[in-house]
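Worksheet: one structure, shown below.
The values are calculated or read from the model by the stated rules, or taken from the named source; none is laboratory data. Treat the numbers as computed from the prediction; the structure is a model and nothing was measured. Cβ placement follows ideal geometry from the backbone for every residue including glycine, while neighbour counts extend to all protein chains displayed.
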Amino acid sequence: MRILQFSTHTTLRPRHGGQLRSHHIARVIEEAGFSVSRLAIGFRPPDHREDKREPLIDIAPTSFWTRPDYVAQPACLSVIGDFASVTGVLDCPPVLAECDRLVAQAEADVILLEHPWTWPLVARLPQVASGTVPVVYSSQNVETQLKRRIARDTGISVPEHLLAAIEALETDLVRSAAAVVACTAADGAAFTAWGAREVVIAPNGGMRRDRNHLLDVLPAPLVPGQRYALVVGSEHPPNVSGFLELVAPALAGLRPHHRIVVAGRMGAPVLEEMQRVGAAGHLSGRLEVMGEVDTITLDALIANAHVLLVPILYGGGSNVKTAEALLSGRAVVASATALRGFDGFEDLAGLTVAGDAPASFREAVLAALERAPERPDADHPALRSLLWDSTVQPIVELLRRIGSRAGAGEPGEARSAVARP
């Protein structure tokens, strides 16, 4: 059976959590015997390397950003840019034609949508509208809820009609899709309440990596004798706000040889906000911001970290960084929210669930840095369930069921009323 995985980001060389999930979904279902074509749509970065295994449709020629409703609220694009830019393709015939050509070229039996944003592009295709080619919505969050929370948390004003259009798009996809894949049972319950025909739960996962060869290999400016707690994350608002609310309060209590280290693109907005509120005095000799790092540097940072921190306070789905932290072999301090979707780990050695209150998280971070190194049990029975090969299996089984129904002459139901912004 031929599967087209359609994403709003590239997946072959994954960096952030969304890319990692999409990458491993395609890898696992391909290894299960399905033929997988990949297609991405988004802005083509200057350093993008063309790869025929995953064409990238460049949305730069679209002009969604000149529309009056976006020009009047430019900051809102940081919240809804994925929705606005992809739906803007509908008003750009050359880009839309390229999209149609590449989708047709895949000759897919099933279209797997990573995120909901490309639904308006495929819903209009005859093979989808007729139900001949079923669509599976591979969600990573309940986007309707997440967008509203990000807007509220950042204080960015997003016009209500745009938030309503996002909700209309996602609910229409949920009701039209042959099935919805959710990261957590809570997300699945939301989709069921919206009228999803079938929901399967496929949590986020991780990979085991041997980093022992990097012990005592410290990236500058770290030096031997320092103990540090490591936070890794993109500039995604839940990562930034989680750090500022839960981790930043611990900076003032660090001992002279203790550090908080931040890796990933979250570092810049964290520094900007701390300087804005006058907290720069806490930074010198306490906070090391590494920026975006390569894989070897990240592995070295993890291998030598005294403890990994996962300070998440909101966001749908489950967190790839939580699974990766639990599989890292290092001690972990996580908020309660960061553990959503990860059951059965309460007794894992080295894991501290610090709750979601700043005071309790602060104390847990400082206590973890004081303790002797703690190492989780690599043979803990629950850890195997975190591997991508395990977490993606529900999607493999779903696709097999869809294939069996198609073989029995049961095409998907055609119904869609996609709302445009």
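Here are the numbers for this structure:
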{"quantity": "Top-ranked residue in the range 306-327 [being surrounded by fewer than 22 Cβ atoms within 10 Å (Cβ to Cβ) and farther than 23 Å from Gly188 by Cα; ranked as modelled with the lowest pLDDT]", "calculated": "Leu327"}
{"quantity": "Out of Ala252, Ala196, sole residue that is touching a helix residue (DSSP H, G or I) at 6+ places or on another chain (Cβ under 7 Å) and buried (at least 17 other Cβ atoms within 10 Å of the Cβ)", "calculated": "Ala196"}
{"quantity": "Cβ pairs under 9 Å, 6+ apart, first in the range 61-73 and over 25 Å from Ala97 (Cα atoms), second at pLDDT below 70", "calculated": "Asp69/Pro421; Val71/Trp65"}
{"quantity": "Matching residues, the range 355-377, being in contact (Cβ under 8 Å) with a residue 60 or more places away in the chain and aliphatic (A, V, I, L, M)", "calculated": "Ala359, Val365, Leu366, Ala368, Leu369"}
{"quantity": "Qualifying positions in the range 37-50 - surrounded by fewer than 22 Cβ atoms within 10 Å (Cβ to Cβ) and free of Cβ contacts under 8 Å to residues at least 40 places away in the same chain", "calculated": "Arg44, Pro45, Pro46, Asp47, His48, Arg49, Glu50"}
{"quantity": "Residue selected from the range 1-52 under the condition more than 18 Å from the chain's Cα centre (by Cα), among the β-branched types (Val, Ile, Thr) and not in a helix (DSSP H, G or I), by the criterion nearest to Ile111 (Cα to Cα)", "calculated": "Ile3"}
{"quantity": "Verdict on Asp379 being outside the structural domain of Thr184 (by TED's automatic domain parsing), under 22 Å from the mean Cα position of the chain (by Cα), farther than 17 Å from Tyr228 by Cβ and not hydroxyl-bearing (Ser, Thr, Tyr)", "calculated": "no"}
{"quantity": "Subset of the range 313-365 that is assigned to a loop (DSSP other than H, G, I, E, B), out of contact with any helix residue (DSSP H, G or I) (no Cβ under 8 Å at 6 or more places or on another chain) and not acidic (Asp, Glu) - its residue that is farthest from Leu20 (Cα to Cα)", "calculated": "Ala357"}
{"quantity": "The listed residue being within 22 Å of Gly88 (Cα to Cα) and either modelled with pLDDT under 85 or assigned by TED's automatic domain parsing to the domain that holds Pro120 (or both), out of Ile25, Ile41, Ile29", "calculated": "Ile41"}
{"quantity": "Output for the range 157-175, where each listed residue is crowded, with 17+ Cβ neighbours inside 10 Å and closer than 17 Å to Ser85 by Cβ", "calculated": "Val158, Leu162, Leu163, Ala165, Ile166, Leu169, Glu170"}
{"quantity": "Candidates Arg384, Arg330 - the one that is farther than 22 Å from Gln140 by Cβ and either crowded, with 20+ Cβ neighbours inside 10 Å or touching a Gly at 6+ places or on another chain (Cβ under 6 Å) (or both)", "calculated": "Arg330"}
{"quantity": "Residue match in the range 105-112 (condition: in a helix (DSSP H, G or I), modelled with pLDDT of 85 or more and either small (Gly, Ala, Ser) or surrounded by 14 or more Cβ atoms within 10 Å (Cβ to Cβ) (or both))", "calculated": "yes"}
{"quantity": "Qualifying residue in the range 79-95 (condition: assigned to a loop (DSSP other than H, G, I, E, B), in contact with a Phe, Trp or Tyr (Cβ under 8 Å, 6 or more places away or on another chain) and either aromatic (Phe, Trp, Tyr) or assigned by TED's automatic domain parsing to the domain that holds Ala26 (or both))", "calculated": "no"}
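Let's see how each residue does on (1) not in a helix (DSSP H, G or I); (2) not assigned by TED's automatic domain parsing to the domain that holds Arg148:
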{"site": "Asp187", "(1), (2)": "no, no"}
{"site": "Pro221", "(1), (2)": "yes, yes"}
{"site": "Leu244", "(1), (2)": "no, yes"}
{"site": "Ala248", "(1), (2)": "no, yes"}
